[in-house]
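One structure is given below, encoded as structure tokens.
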Amino acid sequence: MSVLTLRNLSVRIRRHGLQSAPVAGVDLEVGEGEILGIVGESGCGKSLTLLALMGLLPPGAAASGSAVLAGRELIGASAADMTSVRGAELAMVFQDPMSALNPYLRLGVQVGEALEAHRGMVRAEARDAAEALLRAVHFPDPGVALTRYPHQFSGGMRQRATIAMALACGPRVLLADEPTTALDVTVQAQILALFRELREATNTAIVLVTHDLGVVAALCDRVAVMYAGRIVESAPVDELFARPLHPYTRGLLDSVPGSAGAPAKGIPGVPPDPRDPAPGCAFEPRCAWRLERCLLERPALTPRDGARHAACHLEDAP
Amino acid sequence: MLRFAAWRVLGAVPTLFVLVALSFFLMRAAPGGPFDTEKLLPPEIEASLERAYHLDEPLWRQFGRYVAGLARGDFGPSFQYRDYRVSELIAAGFPVSLKLGALAMLLAVAAGVATGAVAALHRNRAPDHAAMTAAMTGISVPSFVMAPFLVLVFAIHLDWLPAGGLSGAASYVLPVVTLALPQIAWIARLTRASLIDVLSSDFIRTARAKGLPERTVLLRHALKPALLPVMSYLGPATAALITGSVVIEQIFGVPGLGRYFVQGALNRDYTLVMGVVIFYGVIILALNLVVDLAYGLLDPRVRHGD
Amino acid sequence: MATETLLVRPPGGLWVDALRRLAQNRVAVAAGTVLAVLAIAVVVGPSLSPWRYDQTDWNLMAAPPDFGSGHWFGTDALGRDLFVRVMHGGRVSLAVGIVATLVSLLIGVTWGAVAGYVGGRVDRVMMRIVDILYALPFMFLVILLMVLFGRSILLMFLAIGAINWLDMARIVRGQTLSLREREFVEAARAMGMPSGAIIRRHIVPNLLGVVAVTATLTVPQVILVESFLSFLGLGVQEPMTSWGALVNDGAHELEGAPWMLLIPGAFLAVTLFCLNFLGDGLRDALDPRDPGRAR
């Protein structure tokens, strides 16, 4: 059962008369309790996709298309509707836990206030609930932690706090934008384990955006690969790693040092400028398997064997 | 926190010393003595006067004497008003100035923050442009132009308010408003910039991501960080208000300390001028210190150590 | 030398970009134009009128502005033509503004650049001195100076210039600190260039932007101080005049001759207004953090 469905989600940015579409038609489905990874290079539009879902796009950016969360259309919803959805049904965790937390407010206030806003709890109830939440994310002394300020904790603890904060009202879907990128490697593993644990406990679906394939391999059930504002491939994790169907995915996997014993390769060329989209396949200039068709006709994201999708004119795997 | 406070207090001491020393030695370096303004005195009288005012002693001893006097609150005799000591004149004039200044500060903060907040929340739209143009006017038009202008409009032409003196509530309006105007402008600009900055920060995005109502986001999350720079500004604002009061008291005929100061300046009453400079200097230093400490108290990163 | 041009970041690129952005700021351009017109006016103006600034017209004392009478701005209480006096006053006010700003610029840039470049203990000491001086009530000290040493215009330039160099020093020091760590400076040092030359050739040109903004915003502050002093009767000596002194005269004749206040007051206000807008515009044009800039 799909809890979140994206159809042709696009984000257009207009700045000083220049238009660009950093997200250009994303189709995705997230199942209940599923951990979906969205992977791609910087600038491919993955973060903007999440922000579009939350209705938190920066000024000058507008979303179009459709994103349905448990029967509710998110794109184009009113501000009042979005305020009631955010935090309650749909929550988000950001990359840098230090800047994501308000340095002037105690942890207890910040972790508990979503409950006050959405569940109508009074301060005392929310405080108790916040303590339980902090315990669930393994704070050693939750009662004391409530009274402390963010700067008094390490990066890892802060990120745990933001996760607790996001899950306070039991949302159906948790969006995570590079949640481990700003953390030490050892802490990263702990946070990923925490995500898994929380998913088991609450059956919350998680959409995790990352550029790190290692994170995907460690945590995700399914993964979608994004390039130049579009999904180019999606598949269950093991199948994607075993047999990528899109040349870009192939290139990504080959770029990880030490995979299959071969030295890291990298993909020649650079991603396209979102202000100047090509008519054909966006990856064509860098593709080692390109056909004549690729220059003229953009491949659509089509279902392949199993639960896989790929947007490529190649019939077989590269 | 305590170390922070102690360090700050200690830091103020050199400034105080420089202030006192500068004033003292400037005065001694000035051409002519305090008795040059009037007719030439016969040498014996001049000599005995010098002895009486200790002007015949070595400079360093005079300085020590002066500092000791300051510590007692004694600024020396006024050269202009021979029967009074400077400290008496300060005690007479300061309460008046204080009343005006405090009212002006309250008005400045209230009106400035309100205007700046409105401008920030309606950024790049009509209210913002209007507010910021008004603020720019407030900064650019000097108080000694604005004050007579307002007197011209409200006292002379419209006859709504009295043009001077300090009797009754109505007579406070023009002086307080004119004194406050430049600060309203500065505080409005500062509040606007600060609020815009805070509203674009990540933790505000997080607050919105939690689905908090916008009112909560503004009041609980944005207000305090946005107002901290305004609070820091209160130190320099006080200094500016004190400076401005000199002009305001002159124009509206208010018998405050600023007026004494100007009179003293025009009449070369060195001790009075010096006394006021040091007095106001100490107030500004003290207020900057208080503001600094208050900032430390309000910012948890300072209060709870890093 | 070819290698030198490689090392120095071409200021042409930065400036052209900034000038273009400034030109797009209509308010700043308008402000700059008004200032230019004013500057020309105060230089040329007095020669357009038959009256001298200290000349009394015994027939028309305190007369309102009237094109017919030849007194375009009217006369003051002593029968002197206000137009000529306003123009002359403008010369003084603008001159003080420019000269005193140059004084503060010289002191401030030198102090800040040396502190920022040398760094370490020297920097700490120099900046500590700035901190100590910053807390002094300068206006009062300037008044004290004027009282004690008489009202010479030279003293006024120095005293006013001495007020504002602190801000300039702080800003320049900050900029120098960040410039010092840039690659082209390291390269120059590796090449064996002496410190003095590095400061002169590499650091100072890249300071120009920030200095220009600060200087443009210092001029109105300085003019304000001079006007303030003149208003109190502590500035330029009669019969020389400045806008501040004219406003003072005007404040005494409010009921009878309001134009004596309004006209010089307007000139002063408009000049300060334009300078502030221009400075703001310059700052926005040069600020690399401007969100409008394509990155």
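FYI, it's all coordinate maths here, none of it is from the lab. Not measured: the values here are computed from a predicted model. Here the Cβ positions follow ideal geometry from the backbone for every residue, glycine too, while neighbour counts run over all protein chains shown.
Apply 1/(1 + (r/R0)^6) to the Cβ-Cβ distance of C:Val204 and A:His138, taking R0 = 56 Å, and write down the FRET efficiency to the nearest 0.05. Using R0 = 56 Å, I get an efficiency of 0.50.
Once a ≥ b ≥ c are taken as the square roots of the eigenvalues of the Cα gyration tensor of chain B, is the result rounded (a/c under 1.5), prolate (a/b larger than b/c) or oblate (a/b not larger than b/c)? Verdict is oblate for chain B. Please list, by residue number, everything in the range A:123-148 whose backbone N is under 18 Å from a paramagnetic label point 7 Å out along Cα→Cβ of A:Ala201. Once the point is set 7 Å along Cα→Cβ of A:Ala201, A:126-146 turn out to lie under 18 Å by backbone N, inside the range A:123-148. Between 0 and 90 degrees, the angle of helix A:155-167 with respect to the longest Cα principal axis of chain A falls at about 90 degrees.
For A:Asp276 and A:Ser154, the difference between the fully extended length at 0.36 nm per residue and the C-alpha to C-alpha distance is 39.7 nm. When B:Tyr66, A:Tyr248 are arranged by Cβ crowding within 10 Å, least crowded first, meaning fewest neighbours, the order is B:Tyr66, A:Tyr248.
Among B:Ala265, C:Trp51, A:Ala282, pick out the residue whose Cα is farthest towards the positive end of the charge dipole of the protein assembly as shown, where Lys and Arg carry +1 and Asp and Glu carry -1 on C-beta, about the Cα centre. It is A:Ala282. Which residues does a label at C:Gln237 reach in the range C:65-106, if reach means a backbone N under 19 Å from a point 7 Å past the Cα toward the Cβ? The answer is C:89, C:92-93, C:96, whose backbone nitrogens lie closer than 19 Å to the label point. Using every pair of distinct Cα positions in chain C, the Kirkwood expression returns a hydrodynamic radius of 21.3 angstrom. Taking a label point 7 Å from the Cα of B:Arg3 along the Cα→Cβ vector, which residues of the range B:270-306 have an amide N closer than 16 Å to it? Answer for the range B:270-306: B:301-306. Projected label points at A:Ala124 and A:Leu18, each 7 Å from Cα along the beta carbon direction, are separated by 5.8 nanometres.
Note: the protein assembly as shown, Cα convex hull, 233 Å³ per residue. Between 0 and 90 degrees, the angle of helix B:223-252 with respect to the longest Cα principal axis of chain B falls at about 40 degrees. For the pair B:Val302 and C:Tyr134, label points projected 7 Å from Cα toward Cβ lie 1.3 nm apart.
Size descriptors for the range A:29-174: radius of gyration and Dmax over Cα atoms are 16.0, 46 Å. The residues A:His211, B:His54, when put in order of fewest to most other Cβ atoms within 10 Å, stand as B:His54, A:His211.
Using all pairs of distinct alpha-carbon atoms, the Kirkwood hydrodynamic radius of the range A:132-177 works out to 11.1 angstrom. Helix C:243-252 and the long axis of chain C differ in direction by around 40°, with both axes built from C-alpha atoms. Spacing of the modelled spin labels on C:His252 and B:Lys99, each 7 Å from Cα toward Cβ, amounts to 2.9 nm.
Estimated from the Cβ-Cβ distance and a Förster radius of 30 angstrom, the FRET efficiency linking C:Val27 and B:Leu266 is about 0.15. With a Förster radius of 35 Å applied to the C-beta separation of A:Met98 and A:Glu41, the computed FRET efficiency comes to 0.90.
Would you please classify the overall shape of the range A:221-318 from the alpha carbon gyration tensor, given that a ≥ b ≥ c denote the square roots of the eigenvalues, rounded means a/c under 1.5, and beyond that prolate means a/b larger than b/c while oblate covers the rest? Since a/c reaches 1.5 but b/c is at least a/b, the shape of the range A:221-318 is classed as oblate. Computed about the Cα centre, the dipole magnitude for chain B is approximately 1380 debye when only Lys and Arg (+1) and Asp and Glu (-1) carry charge, each at its Cβ.
Length available on full extension from B:Glu88 to B:Met231: 0.36 nm per residue minus the Cα-Cα distance, which gives 48.2 nm.
From helices alone, chain B scores -24500 deg cm²/dmol at 222 nm; the rule is -39500 (n - 2.57) for each run of n ≥ 4 DSSP H residues, then divide by the residue total. Here the protein assembly as shown is assigned +1 on the Cβ of each Lys and Arg and -1 on the Cβ of each Asp and Glu. Its dipole about the Cα centre then comes out at about 900 debye.
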